[in-house]
Amino acid sequence: MASGLYLSGTADKFQLVTTSAATVDVYASFVDWLAGAVTPGTPQVTAISSATTTDIVAAPAASTIREVKALHIRNKHASLATDVTVMLDRSGTDYELHEVTLNAGEALEYTEATGWYLFAPAAKLDMLKYVTANSVHATAATFADVTGLQFPVISGRKYTFDCFLLHFGNAATTGAQFAVGGVAMTTIEIGSLSTIVKAVTGPTLSAGIASAINTAVIVQADSSTTRCPTWMNGFFQPSADGTMSIRATSEVSVAAGLTIILGSWCHVRETTN
């Protein structure tokens with residue numbers, strides 16, 4: 001017999017310890033050895049949704065050796081993480097075999113050929129994007145995407161972002177407004193600092209916060225016809241898969257009221273543990 005995971009008697013079983021209410025599915029395939037004959041067993045499937053200890057491979061019959069061919073342990077919860085510990089229970093005494101933390105969507109896999117490995121559904125987002133052509137905005141209080149600053153995000157994961165937005169208005173009385181949108185959010189907290197009038201000796205600064213999508217971080221009534229910078233950063237957690245967008249609007253409805261200049265940028269990172 002090849003090297004693998006074995007249960008050698010009626011007092012042996014494999015268990016899984018979970019530490020949260022994350023929903024975890026387990027699939028275990030095995031074969032039974034009895035008097036030189038090998039019999040494939042019916043795969044054992046288990047659904048877990050609490051912090052508990054659960055049998056995942058039952059003990060074999062008398063005089064039988066049960067060989068586990070594969071274990072698939074997946075955390076299918078949208079946001080909760082859980083520690084998972086695979087245990088051998090021999091006559092009521094537990095022996096730890098393998099332990100990892102499974103974030104939402106991750107899986108611990110065991111196969112006879114490869115041993116243990118952790119499977120993540122997608123790499124964590126770490127993306128920097130630039131405005132590659134001037135993004136022009138004209139409609140008051142109606143936010144539209146800033147050209148080029150859109151990012152794919154996954155439900156339940158946590159993200160931070162930093163943006164530098166260089167812009168100008170058609171007149172000194174046309175304000176610039178910025179927001180985040182594009183996908184529903186469970187949590188969002190944004191802060192911003194903006195130079196309204198560009199002057200080395202005494203620039204006019206404006207700061208603000210927002211905690212909802214499509215909501216202006218700073219509600220300006222003034223701007224500048226020369227280039228002005230806005231710094232915007234924050235944290236968010238989407239409640240659906242989709243596209244997060246940096247958005248902008250002119251404070252008044254006027255053609256080319258607000259222009260975000262090419263070269264402006266935004267950096268989004270996933271910070272899920």
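Quick notes on this structure:
- Residues that are surrounded by 14 or more Cβ atoms within 10 Å (Cβ to Cβ) and of a type in the set (Ser, Thr, Tyr) were ranked within region 237-255; the one that is nearest to the chain's Cα centre (by Cα) is SER239.
- Cβ pairs under 9 Å, 6+ apart, first in region 200-225 and closer than 22 Å to THR259 by Cβ, second assigned to a loop (DSSP other than H, G, I, E, B) and among the basic types (Lys, Arg): THR204/LYS198; SER224/LYS198
- Count of region 140-176 residues, restricted to those that are of a type in the set (S, T, N, Q) and within 19 Å of ALA221 (Cα to Cα), is 4.
- When ALA22, ALA28 are checked against the criterion of being part of a loop (DSSP other than H, G, I, E, B), of a type in the set (A, V, I, L, M) and touching a residue at least 12 places away in the same chain (Cβ under 8 Å), a single residue qualifies: ALA22.
- Note on region 186-199: among residues that are surrounded by 14 or more Cβ atoms within 10 Å (Cβ to Cβ) and free of Cβ contacts under 8 Å to residues at least 40 places away in the same chain, the one that is farthest from PHE143 (Cα to Cα) is LYS198.
- Odd one out for THR147 among (1) among the hydroxyl-bearing types (Ser, Thr, Tyr); (2) in a loop (DSSP other than H, G, I, E, B); (3) touching a strand residue (DSSP E or B) at 6+ places or on another chain (Cβ under 9 Å): (2)
- Among the candidates GLY234, GLY263, the residue that is crowded, with 17+ Cβ neighbours inside 10 Å, assigned by TED's automatic domain parsing to the domain that holds ALA133 and out of contact with any Pro (no Cβ under 7 Å at 6 or more places or on another chain) is uniquely GLY234.
- Every residue from region 160-185 that is closer than 13 Å to SER245 by Cα and buried (at least 17 other Cβ atoms within 10 Å of the Cβ): PHE161, CYS163, PHE178, ALA179, VAL180, GLY181, GLY182, VAL183, MET185
- Taken over region 43-96, the criterion of being surrounded by 14 or more Cβ atoms within 10 Å (Cβ to Cβ), part of a strand (DSSP E or B), without any contact (Cβ under 8 Å) to a residue 40 or more places away in the chain and more than 33 Å from the chain's Cα centre (by Cα) is satisfied by no residue.
The values are calculated or read from the model by the stated rules, or taken from the named source; none is laboratory data. None of the values given here were measured: they were computed from a predicted structure. We place every Cβ from the backbone using ideal geometry, glycine too, and count neighbours over all the protein chains shown.
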